[in-house]
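The values are calculated or read from the model by the stated rules, or taken from the named source; none is laboratory data. Note that this is a predicted model, so its numbers are computed, not measured. With ideal geometry, Cβ positions are generated from the backbone for all residues, glycine too; neighbour counts draw on all protein chains shown.
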């Protein structure tokens, strides 16, 4: 008996469905209804990237919390499959929202990329955070300053750190800065929001382990005569979209900064002292 439609190998079929779910998360509810086998593939992706409202991601905090509370899956499922968490202004909302995050973080201990954008972190949450080992961390520095010993275990595996506040106006002491950064033994990529370029040489001179130092601001112009080639001013872009792009392996600001540095080292950036990205760079 011949079939009148093509049959794809299961491996290829799975790859197609997973790619669609990853690149277009809004299709996930429909994909879950296709078949039992597709449901098994896509459900794991559904909880991969979580944001406060679910916008542009695969899942919202409320949806994840309901799934955890349903006890339909073992905690190990969420430990394995929840990989990225983005929180914005969580603690300005309702009390029920304030209670979501501790419960979620106690179960989702395998998070690799953790972002707290434009919101403070209450001290009551720090013991729970200390159990995590993220690779990428995006937060306000004042959340760490007075609780560094408690948070130190969380910082050991961080390779990419973005500090979200006007840190130079709060902590202008370079020695204090370097002491703070020393608590990140694996750190190779650092982004400082709204920082002046004059801060970059002091940080980069302190360690050769840094591969990239980015300032995320609208500052441009020749403020440094001989900028270290590891320093890039990325300019202002939509931060949430950039973060989410990175979770999908896209060309986010980390990738763009690395591409700029590579071009600069090949002599493709002119003038040679320029440390900010321009549209003509094609990055």
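Contact map, the stretch 253-279: first residue in the same structural domain as residue 192 (by TED's automatic domain parsing), second residue assigned to a helix (DSSP H, G or I) and at pLDDT 90 or above, Cβ cut-off under 6 Å, separation 6 or more or different chains; pairs are 269/263; 277/260. So, residue 161, is that one outside any loop (DSSP other than H, G, I, E, B), modelled with pLDDT of 90 or more and closer than 17 Å to residue 52 by Cβ or not? Judged against the criteria, residue 161 is not a match. Can you spot a residue in the stretch 20-38 that is touching a residue at least 40 places away in the same chain (Cβ under 8 Å), surrounded by fewer than 16 Cβ atoms within 10 Å (Cβ to Cβ) and either out of contact with any helix residue (DSSP H, G or I) (no Cβ under 8 Å at 6 or more places or on another chain) or not in a loop (DSSP other than H, G, I, E, B) (or both)? Yes: the stretch 20-38 contains one or more residues that are touching a residue at least 40 places away in the same chain (Cβ under 8 Å), surrounded by fewer than 16 Cβ atoms within 10 Å (Cβ to Cβ) and either out of contact with any helix residue (DSSP H, G or I) (no Cβ under 8 Å at 6 or more places or on another chain) or not in a loop (DSSP other than H, G, I, E, B) (or both). Of everything in the stretch 245-263 that is out of contact with any strand residue (DSSP E or B) (no Cβ under 7 Å at 6 or more places or on another chain) and part of a helix (DSSP H, G or I), the residue that is nearest to residue 216 (Cα to Cα) is 256. The number of residues in the stretch 136-153 being at pLDDT 75 or above and within 24 Å of residue 194 (Cβ to Cβ) comes to 6. Can you name the residue in the stretch 104-125 that is modelled with pLDDT under 90 and either part of a helix (DSSP H, G or I) or over 24 Å from residue 149 (Cα atoms) (or both) and, of all such residues, is nearest to the chain's Cα centre (by Cα)? Among them, the one singled out is 125.
Checking the stretch 49-57 against the condition returns no match, with no residue being free of Cβ contacts under 8 Å to residues at least 40 places away in the same chain, surrounded by 11 or more Cβ atoms within 10 Å (Cβ to Cβ), assigned to a helix (DSSP H, G or I) and not assigned by TED's automatic domain parsing to the domain that holds residue 245. The test for being more than 27 Å from residue 56 (Cα to Cα) and modelled with pLDDT of 85 or more does not hold for residue 199. Residues that are modelled with pLDDT of 90 or more and within 23 Å of residue 240 (Cβ to Cβ) do not occur anywhere in the stretch 87-103. Whenever a residue of the stretch 120-139 is surrounded by 14 or more Cβ atoms within 10 Å (Cβ to Cβ), its partners that are part of a strand (DSSP E or B) and modelled with pLDDT of 85 or more, lying with C-beta atoms within less than 6 angstrom and at least six residues away or across chains, give the pairs 134/114; 136/113; 136/160; 137/114; 137/161; 138/115; 138/162.
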